[in-house]
Structure formats: C-alpha cells, structure tokens
There are 2 protein chains.
Amino acid sequence: MEQIRQIMKQMISISGDELNEFLNQTITKTFKREETLSRPNSIPNEIYFINKGLIRTLITDNEGSEHTIHFALENQFIADYSNFIQKQPSLYTLKTVEETQVIVLPRSAIEWGYENLTDGQKMGRLIAEFYFIYQDDRIKNTYVRTPKQRYDNITDVFPNIHNRVPQHMIASYLGITAVHLSRLKKLQF
Amino acid sequence: MEQIRQIMKQMISISGDELNEFLNQTITKTFKREETLSRPNSIPNEIYFINKGLIRTLITDNEGSEHTIHFALENQFIADYSNFIQKQPSLYTLKTVEETQVIVLPRSAIEWGYENLTDGQKMGRLIAEFYFIYQDDRIKNTYVRTPKQRYDNITDVFPNIHNRVPQHMIASYLGITAVHLSRLKKLQF
DNA sequence: AGAAAATCTAAACATTTGTTATCGTTTCAA
DNA sequence: TTGAAACGATAACAAATGTTTAGATTTTCT
C-alpha cells in the first residue's frame, strides 16, 4: 500500500489516520495476463490503482473490431471514469496486458472519501483535472500532429511502452492500422 | 447574472449570500463578432461563462493553418482550462463567432471559491468531470465513428450549430477539410 | 521441447482524404 | 449601396491510409 499512500499525500494534505481509514475500504487483487477487469454493458462501480502491471482500455465497434483507447501504468488510477461518474453502462473493456496487481476502490469508498476526508472533494477535482489535461493534450495532438509524429512521441506519455505492448495495440491507440504503422516506421520524418 | 446563478445552484448547494460574494468578484464583458478573448503564448488567468453568443477555441499549427478545437455555447463555462490549471502559456486562441457577452471569472475568484465556498472544491470537481466526460465521448467517437457519422450527430453536442457557424469551421472541428465535408454531405450514409 | 498462436514486415491494390483551381452566391464592411 | 471578401459546391488529380494476403520470426502455452 506504500505507493498509493505516497501518491495521495502528493495530491492533498491527508493524515495517516485518514489514509488508513480510507484504504481499509479497499482490497488488493491480482490479475493474470489478458484478464478482464471490467466489461461492456455493466455499470462500472470500481476505480483501480495499479501497483504493478499494465492495463488497457478498449472499445469494440459495431463491426466487432477492437480499438485500444488508453494504457494505464504503475501508480496511476484507471477506470471507465465517464460511466463511473454517470452510473451508466460501460462501452469499454478494461483488460490487463501483463500480470497486474491493483488496489480496488469501490464506489462506496470513493463516496466516503468525498464526504469524510478533509480534502476529499479536492482530491476528486485534482484527479478529474489530471485526466482532463491528458485528454486535452491528446485531442490537440490529433489536430496538429501526424500519426508518425504521435508515434515518435508516445513514450512521453507511456514510458517504456514499446517493451511492454505489441505494436498493433499502439497502432490502434494511434487510430491507424498495424500494417500502416509498420509502414510509417520506415519513414525518416 | 441570472443564468450563472441558476447553473451554479444546479451543481452545488450554495446560498444567495455566497453567490453574491462570489459573483461580486467577476465582471461582465461584451465582445464583437470575431474578437479575440485569449491569445497563444500568454498564461490564461480567466474562465468565461457565456451569457449570450458563441466562442470558438482554435489552435494554429506549425504551417500556420487554424484548427477549430471546440465550440462553447450559452450557459457554458469556457477557458483554456488545461493551461489555466497548469499556469502554462496557452497554445489556443479563444475567439467569438458572433457578438458575445461573457462573465469573466478571474483566477483570484476561482481560487477564492475553492477556499471559501462551502462546496467550492466540489464545484471544481463537477466542472472538471463534466469536461472529462465530454472529451471522453469525443475521443471515443473518433475511434468508432466515421467523419460523416460525427457530422450527422454534431447537433447532439452543439444544438443549432449549423445556423451559427460556417461549415468550414465544423469541418475543421471534425478534423477534415471543408472540401471533403462538402463531398461527404452528398452521401446517403 | 514442440506445436500453435501471435507478431511484424512487405507488397499489391482499393478507398478515403487532401490539394488546387474554378464558379456562382452570400455576407460584410467601407 | 456597392465592391471585396467569405462561403459552399464541384471536378481533377495527388497523397495518405486501409485491406488482403503471404511469409518469416517470436512468443506462448502445455
């Protein structure tokens, strides 16, 4: 539990007692490679904190093909946050890429935190702001950068990703086909 | 000021006194058509609430061409929120499309709200969550919908946009050229 | 260790999207 | 009010990206 304590302490002022009471409402789980944490058509009621491993968010379109929408690494929170907030059925699948250990934060713990932690609402604001900034950056890049440029800079956001994720998932994240990415890699610029 | 009062009351519990004290720190401004509210390379220190009118966010790429990233309508908050949060120089331009009246919320008022409004942090969380959900939806659509499908559904997010904004700006928002959008419109599906 | 599956590259061809130029219409500003 | 600029459609051609198939290599699972 040391990692999440440190991350939370970096975000807000929180006492050891508050941290304990909050983390007592969570459980730690381990998933094997390619296991599913969350499926479409169910309402997401959990947020995950990754102790170790790598999780991928994907969406399946009407033709049945999968699109990787996001990667989540160690020391990050991950969820179908939109549908968690809206209490609506998810369209996303959350799946491990490699063996992954997570801390499961159930909705009850999150809501308890908002009400009872001194800086609970602030922590919620900071997490939402963090992901807003990430998404804004991402959207901006689709307008002003080519797929090749986005590929060349992907390790800024996902360090070491090339050694942990097959290339076709990166292509999917970039919004292009695996074949096309393979072609782009040959280009000098 | 009636609109922003109503919107804020819908989001959080806030007394009339709190509202008055908060709104006393704001000013109302009117901009003509195609006027600039915020420019690149300066740190954004204001959030705007639109009483009437329409604002467009755009980014200029290295080749000098403009990309419309967002439209903001009546009763919405708008800013270069990422760089407002990060206190970093903006890459965006905020420009009115038509004559627009806004309430200007300076950074000082926002920070005062976080500290002094009973539900200040919660309001910040809800706004960040709202825009997170909007962006998530947008990113999702780029993966699973064609430009034509996104065009056909744009009024879900921006009602009446076709009567207020020239088509080439919509094309830009969709990430395609104006010529291509004109072509797509002829297609049945 | 060995068989099956996954991965990456490559080439040929198809489709989508961008670019440039033109034209008629509408909108805007002096 | 009028001339200039902006706008939207269209066509021809160019560039980017997708699709299918194949083959060689690596990884995974038993």
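In table form, for the structure just shown:
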read-out	value
B:THR30/B:ARG5 FRET efficiency (R0 22 Å; Cβ-Cβ; nearest 0.05)	0.70
Region B:11-129, Rg to Rh (Cα coordinates; Rh as Kirkwood inverse mean 1/r)	0.99
Rg(Cα) / (2.2 N^0.38 Å) computed for the protein assembly as shown, rounded to two decimals	1.03
Karplus-derived 3J(HN,Hα), 6.51/-1.76/1.60, for each residue of region B:178-189, Hz, glycine and proline x	4, 4, 5, 4, 4, 5, 5, 4, 6, 5, 6, 10
For region A:144-159, 3J(HN,Hα) per residue [Karplus equation, 6.51 cos²θ - 1.76 cosθ + 1.60, θ = phi - 60°, Hz, x = Gly/Pro]	10, 10, 6, x, 4, 5, 5, 4, 5, 10, 5, 6, 4, 8, 10, x
Simple Cβ-charge dipole of the protein assembly as shown, Lys/Arg +1 and Asp/Glu -1, about Cα centre, in debye nearest 20	1500 debye
Crossing angle, helix B:2-11 versus chain B [Cα axis fit, 0-90 degrees, rounded to tens]	90 degrees
Relative contact order computed over region A:2-117 (Cα-Cα under 8 Å; 6+ residues apart), in percent	39 percent
Protein-only accessible surface order, largest first, of A:MET1, B:MET8 at 1.4 Å	A:MET1, B:MET8
Using distinct alpha-carbon pairs, which all enter the 1/r mean, Kirkwood radius of region A:70-189 in Å	16.7 Å
Average partner coverage of B:100-110, which counts Cβ from other chains inside 10 Å	0
Accessible surface of the protein assembly as shown, 1.4 Å probe, proportion on carbon and sulfur as whole %	48 percent
Lysines whose Cα lies under 16 Å from that of A:LYS9, excluding same-chain neighbours fewer than 8 positions away	A:LYS122
For B:120-127, mean number of other protein chain Cβ atoms within 10 Å	6
3J(HN,Hα) from dihedral phi, region B:72-82, Karplus parametrisation 6.51/-1.76/1.60, rounded to Hz, x for glycine, proline	10, 10, 3, 6, 10, 8, 9, 5, 7, 5, 4
A:THR177/A:THR155 FRET efficiency (R0 25 Å; Cβ-Cβ; nearest 0.05)	0.75
Theoretical FRET efficiency, 1/(1+(r/R0)^6), r = Cβ-Cβ of B:LEU19 and A:HIS162, R0 41 Å, to 0.05	0.20
Average beta carbon contacts from partner chains per residue of B:130-138, 10 Å cutoff	6
Exposure rank, largest accessible area first [A:SER13, A:SER82; 1.4 Å]	A:SER13, A:SER82
Cα→Cβ-extended label distance, 7 Å offset, between A:GLU115 and A:LEU187, nm	5.4 nm
Unit charges on C-beta of K, R, D, E only; dipole of region A:99-189, Debye	660 debye
Projected label distance in nm at A:GLU74 and A:ASN45, using a 7 Å step from Cα toward the beta-carbon	3.2 nm
Heavy-atom SASA rank of B:THR100, B:THR36, B:THR118 (probe 1.4 Å, accessible area, largest first)	B:THR118, B:THR36, B:THR100
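The values are calculated or read from the model by the stated rules, or taken from the named source; none is laboratory data. Fair warning: this is a prediction, and the values are worked out from it, not measured in the lab. Using ideal geometry, Cβ is built from the backbone for each residue, glycine included, and neighbour counts are taken over all protein chains shown. The protein model used for the area step is the full one, side chains on, heavy atoms only, and it has no ligands, DNA or RNA in it. Shrake-Rupley method; radii C 1.70, N 1.55, O 1.52, S 1.80 Å.
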